[in-house]
Amino acid sequence: MTTPDVSGDTVRTAATQPSPPSRPVALVEAGFRALARLRRAPALHPQGLTCGGELEVVDDGGGSWDVPWLDTPRRLDATVRLSRAGGLPRRLPDGLGLAVRVPDADGPDRTLDLLMTSSGRGRAGRHVPLPRADALRGPYSSLLPYRVAGRSCLLAAFPRRTRQAPVPGDPRSMAAALADGPLVYDLCAETGERAWRRFGVLTVTTVLPVGQEDTVDFDIYQHSVRAFVPGSALAATRRAAYRGSRSGRDGA
């Protein structure tokens, strides 16, 4: 008799073997692996600026989130990567990425990754990537919902307009903007009324000595925390894309 292995909300037995991926999922993984190998960088967002900063968890007066890491206002160190999805020339609009890593967000060794992309503002537009030339011109969105204390809601980051604006979204221009002062983003979650509720303030302060093609392996599935996890929509496809991109960079 096998012994159940309880992990999160899933119960497995030691004899259970993972089923092979479907053909579309396997093709996604292979495609991302090939592109990452060709670029010798992440398949998407191949060039970026890695920065140090701080995430302040705030009390917005709206009551408890019922999420452990959000219900204690405090300041946390963060690593941030600002990037262009397609790696297009500087003068062209591109999908802009905002990747955030918060070590120990939910206690020791409980790291949180957030990945957001430049998007529109409306109910439909917030789910669609929107190429942009100015990195501070509009919001960034998780595009697909999270499960926050059991509720489905989108995440977004709203950049504050600063004296540096406009700021082109390429790494060199972002570094120049940071030399003149921090970049600040209000982090929000969508409420049931399709309005936004702020849960944090992200302040990006310094450029770290990391090459533009190099990056930590941000992964929202490997690095999520209690009661604050990516939803199931396209999860298998997105996991395959992350695996393919990592293995392609590693030369596998």
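The values are calculated or read from the model by the stated rules, or taken from the named source; none is laboratory data. Source: prediction; values computed, not measured. Counting neighbours? That spans all protein chains shown, and the Cβs are built from the backbone with ideal geometry, glycine included. Keep in mind that these areas ignore ligands, DNA and RNA; they rest on the heavy atoms of the full protein, side chains included. Shrake-Rupley method; radii C 1.70, N 1.55, O 1.52, S 1.80 Å.
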Just one of the numbered conditions (1) aliphatic (A, V, I, L, M); (2) closer than 19 Å to residue 221 by Cβ; (3) touching a Leu at 6+ places or on another chain (Cβ under 7 Å) is not true of residue 112; which one?
(3)
If we keep only residues of segment 207-252 that are within 18 Å of residue 146 (Cα to Cα) and open to solvent by 70 Å² or more (accessible area, probe 1.4 Å), then the residue modelled with the lowest pLDDT is 234
When every residue in segment 110-125 that is in contact (Cβ under 8 Å) with a residue 60 or more places away in the chain and open to solvent by less than 20 Å² (accessible area, probe 1.4 Å) is compared, the one nearest to residue 169 (Cα to Cα) is 114
Segment 58-79, subset without any contact (Cβ under 8 Å) to a residue 60 or more places away in the chain and charged (D, E, K, R), residue surrounded by the fewest Cβ atoms within 10 Å (Cβ to Cβ):
74
With the first residue restricted to segment 179-200 and required to be over 15 Å from residue 62 (Cα atoms) and open to solvent by less than 20 Å² (accessible area, probe 1.4 Å), and the second required to be polar (S, T, N, Q) and part of a strand (DSSP E or B), Cβ contacts under 7 Å at 6 or more apart or on different chains are none
Can you tell which of 101, 151 is modelled with pLDDT under 95 and open to solvent by 10 Å² or more (accessible area, probe 1.4 Å)?
151
Working only within segment 127-151, note down all residues that are in contact (Cβ under 8 Å) with a residue 60 or more places away in the chain, in contact with a Leu (Cβ under 7 Å, 6 or more places away or on another chain) and not in a loop (DSSP other than H, G, I, E, B).
146
Could you say which residue among 172, 121, 137, 198 is of a type outside the set (Val, Ile, Thr) and modelled with pLDDT of 95 or more?
198
Do we have residue 163 as over 22 Å from residue 64 (Cβ atoms), in contact (Cβ under 8 Å) with a residue 12 or more places away in the chain and open to solvent by less than 70 Å² (accessible area, probe 1.4 Å) here?
no
Pull up segment 91-128, narrow it to residues that are of a type in the set (Lys, Arg) and closer than 16 Å to residue 159 by Cβ, then point me to the one that is farthest from the chain's Cα centre (by Cα).
121
